[in-house]
Amino acid sequence: MATATAPTFDKGLANTVAAETQMSFIDGGKGVLEYVGIDIDSLARNSTFEETVYLLWNLKLPTRAELDAFCTELRAEYMLPAEMDALIRQFPRSTPPMHALRTMISALSMFDREADVNTPEANRRKALRIVAKTPALIARFDRHRKGKPFVDPQPDLTIAQNFLLMLNGELPTDAMAKALDVCLILHADHGLNASTFAARVTIATLSDMYSAITTAVGTLKGPLHGGANEEVMHMLNEIGTIDKVDAYMAGKLERKELIMGFGHRVYKAYDPRATYLKTFAKQVAADTGNLNLYEMSRRIEEIMDKAVAAKGIFPNVDFYSATTYYSLGLDLDLFTCMFALSRNSGWCGHCIEQLKGNRLIRPMADYIGPHGVPYVPMAERR
Ligand SMILES: CC(C)(COP(=O)(O)OP(=O)(O)OC[C@H]1O[C@@H](n2cnc3c(N)ncnc32)[C@H](O)[C@@H]1OP(=O)(O)O)[C@@H](O)C(=O)NCCC(=O)NCCS
């Protein structure tokens, strides 16, 4: 029997360890992120999103044969049920994409006969389906809202290639697909962040994986979590040109306003996900005629370096993913969906981990209201 210890109040749970994971390790002080012990920078430079998902779910890098078999399984799940297409066509075109995504993930469960089967094998199959189908969900919703015909996925393409094909109606260049693939690798998992925690809370009740991922999408949607890269683009658009950066930043810093894309609750050193993305963002921006955005970003970073780096405030992954997504032609309100498209893999992996030796996650609240209050009949209330 567990020994009872006095509960402690930890607002925001910042100092509480609430789960064990073998997937990602973060050392915020040193600026380290590893997936299954492998440095994120090394994965971003050498791996693919599919291989990274395999790594997170199997805790080892695949052999060529294992990766081929895994990709074949994923590709068999790319298509959506026809009923999902019909459902998406009913959505109001003004629906914000994250609302649409939350609803679409939830709706997918109705077309999965294994939705309520919580065996490890069934959950692995559901994880595959969720990761494989999410690109089509987002792309189809975007085409629906723009009044464009749906584009089917091609079974011989990667997730990144297919997403851009289904979104834009044309095959992306290798460089564009690689840029998206790198962003997907960098966002795949990140410890017990808010949306991952939410997914684990849901699956720990022995609910189902679709419910857990729906919970996670709803949690990611908040501007304190997934929405910062969209805010970075709004800021760059507001500034407009590089000659206006210095005055804009001086005003912001003087008013002590936050600069979006800088700082992180966990990282007090350079966000290791931003290191490679920075060089990549430059290349993608140059290839797509958006070098001015990259140059503005660099100037902002130089100013911030002098102003706040001493406080442990550095660019985070959102700062350079913003210009990368923009350069790929994505609408700003799709940026958080890109995060979900990738983080699906972490969420699903955490659900599977949680169910090994599961325990209901049920913290306590510190009641700060009154006691002994009499029940007053309605007629006597004022
Ligand atoms: C992410 C964030 C919430 C982390 O907050 P935090 O860990 O509580 O950081 P702190 O409040 O300890 O920051 C320390 C100091 O740096 C300043 N600071 C933090 N982030 C800053 C930013 N983005 N721009 C300017 N100053 C910033 C704080 O105002 C504080 O200054 P002070 O010591 O003079 O009061 C915060 O940095 C932020 O809101 N960033 C912008 C949003 C963003 O990009 N979010 C994406 C995260 S992946």
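The values are calculated or read from the model by the stated rules, or taken from the named source; none is laboratory data. Because the structure is predicted, anything quoted here is derived from the model rather than measured. Virtual Cβ from ideal backbone geometry, glycine too; neighbours counted across all protein chains shown.
Computed values, structure above
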read-out: Of all residues in region 27-68 being of a type in the set (K, R) and under 26 Å from R129 (Cα atoms), the one that is nearest to the chain's Cα centre (by Cα); value: K60
read-out: Close pairs (7 angstrom Cβ cut-off, 6 or more residues apart or separate chains): in contact (Cβ under 8 Å) with a residue 40 or more places away in the chain in region 298-310, part of a helix (DSSP H, G or I) and within 11 Å of the ligand (Cβ to nearest atom) anywhere; value: I300/M249; I303/M249; A307/L253
read-out: Matching helices (runs of 4 or more DSSP H) fully within region 267-359 where at least 3 residues are basic (K, R); value: 272-287, 291-308
read-out: Region 23-42: number of residues that are over 18 Å from N193 (Cβ atoms) and hydrophobic (A, V, I, L, M, F, W, C); value: 1
read-out: Any helices (runs of 4 or more DSSP H) falling wholly within region 147-231 and containing at least 2 residues that are surrounded by 23 or more Cβ atoms within 10 Å (Cβ to Cβ) and of a type in the set (G, A, S); value: 194-204, 209-220
read-out: When residues of region 297-319 are limited to those that are near the ligand (Cβ under 8 Å from one of its atoms) and of a type in the set (V, I, T), the one farthest from the chain's Cα centre (by Cα); value: V308
read-out: Some residue of region 219-232 being more than 8 Å from the ligand (Cβ to nearest atom) and more than 30 Å from Y35 (Cα to Cα); value: no
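Conditions tested, residue by residue: (1) in contact with an Asp or Glu (Cβ under 8 Å, 6 or more places away or on another chain); (2) not assigned by TED's automatic domain parsing to the domain that holds N58.
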position: S342; (1), (2): no, no
position: S345; (1), (2): yes, no
position: C351; (1), (2): no, no
position: R362; (1), (2): no, yes
position: Y367; (1), (2): no, yes
position: V373; (1), (2): no, yes
position: P377; (1), (2): no, yes
